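Enquirer: If you scroll down you'll find the structure; I have some questions about it.
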Amino acid sequence: MDGQLVTAVMSLSGVVLGGGFSWLVQSHTQRMSARTEQRRQDVARADARRTERLTHLERFIAVAADAERLAFERPADWAPGESWPTAAQETMKQLWVAGSMLQVLFPSDVHTSARAYFQRINRAVWDGVPDLEALYPALDELRDAFLAAARSALD
């Protein structure tokens, strides 16, 4: 009888031990799979966010270039309803919207430098450009500061 009891207990403990190991391995595998999937989703989300940020950054730069061109082409005298002020109003509205999107998507230092750049362009568009030689370096400095802030935010 003792032999049968020992055999039954050993058999039962083997089943319990095997089941425990099986549960541990499955649990570990499931956790590793969940972590891998979470990392994959995090990378995909970061890539999508970076793409979105680059798209809005490119949009702001393109509209800012259009606004600069408008500032340099500003006629000395214009009246509401003419083609230049209508185009200028639309472009400046687009630049404001693009700048607002940067505020949503980027850190505050990027928005602050974009805002300074926008304000200088806005003054050049509506107030005119009395001295081209002074405006070019001012815009270049503001643009470079903005691009440097955007570059550091993207890294």
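Nothing in this text is a laboratory measurement; each read-out follows from the coordinates by a stated rule. Small disclaimer: the values here were computed from a predicted structure and weren't measured. Please note: Cβ atoms are built from the backbone with ideal geometry, for glycine as well, and neighbour counts cover all protein chains shown.
Enquirer: Quick one: dipole size for the chain, taken about the Cα centre, charges +1 on Lys/Arg Cβ and -1 on Asp/Glu Cβ, in debye to the nearest 20. Display every interim value, and only then the final one.
Expert: Working: 17 positive and 20 negative charges, 164 e Å.
Dipole magnitude for the chain comes out near 780 debye.
Enquirer: Helix 132-154 sits at what angle to the longest principal axis of the chain, using alpha carbons and giving 0 to 90 degrees rounded to 10?
Expert: Helix 132-154 and the main axis of the chain meet at about 10 degrees.
Enquirer: Follow-up question, since we're still on this one. Which Rg and Dmax, in Å, describe the Cα atoms of the chain?
Expert: 31.8, 115
Enquirer: May I ask for the net charge around residue 136, where only other residues with Cβ less than 11 Å from the Cβ of residue 136 are counted and Lys, Arg are +1 while Asp, Glu are -1?
Expert: Numbers: positive: 143; negative: 68, 131, 133, 140, 141.
Once positives and negatives cancel, what remains is -4.
Enquirer: What FRET efficiency comes out for residue 22 versus residue 42 if R0 is 35 angstrom and r is the Cβ-Cβ distance? Round to the nearest 0.05. Working shown, then result.
Expert: Details: r = 31 Å, r/R0 = 0.87.
After rounding to 0.05, the efficiency reads 0.70.
Enquirer: Among 10, 87, 103, whose Cα sits farthest toward the positive end of the charge dipole of the chain (+1 at Cβ of Lys/Arg, -1 at Cβ of Asp/Glu, about the Cα centre)?
Expert: Result: 10, furthest along the dipole toward the positive end.
Enquirer: Taking 8 Å as the Cα distance limit and 6 or more residues as the minimum spacing, I'd like the relative contact order of the chain as a percentage. Present the calculation step by step, with values, prior to reporting the outcome.
Expert: On the way: 87 pairs, mean separation 34.5, N = 155.
Relative CO of the chain lands at 22 percent.
Enquirer: On to the next question. Where q = 0.13, 0.16, 0.18 Å⁻¹, what log10 of I(q)/I(0) comes from the Debye formula for region 65-155, counting one point per Cα?
Expert: -0.45, -0.66, -0.80
Enquirer: Counting other Cβ atoms within 10 Å, keep those with at most 10, restrict to DSSP loop, and tell me which GluC sites (Glu not before Pro) in region 53-98 are left.
Expert: Numbers: sites: 58, 68, 73, 82, 90; in loops: 73, 82.
In loop regions of region 53-98 (DSSP not H, G, I, E or B), there are no sparsely surrounded GluC sites (Glu not before Pro).
Enquirer: Let me ask another. Using Cα atoms only, what is the angle between the long axis of helix 83-105 and the major principal axis of the chain, expressed in degrees (0 to 90) to the nearest 10?
Expert: 30 degrees
Enquirer: Round to a whole angstrom and tell me the spacing of the C-alpha centers of region 84-108 and region 26-81.
Expert: Value for the Cα centre distance between the two parts: 15 Å.
Enquirer: I would also like to ask the following. Angle, helix 108-127 long axis vs. longest principal axis of the chain, Cα atoms, 0 to 90°, nearest 10?
Expert: For 108-127 against the chain, the angle is about 20 degrees.
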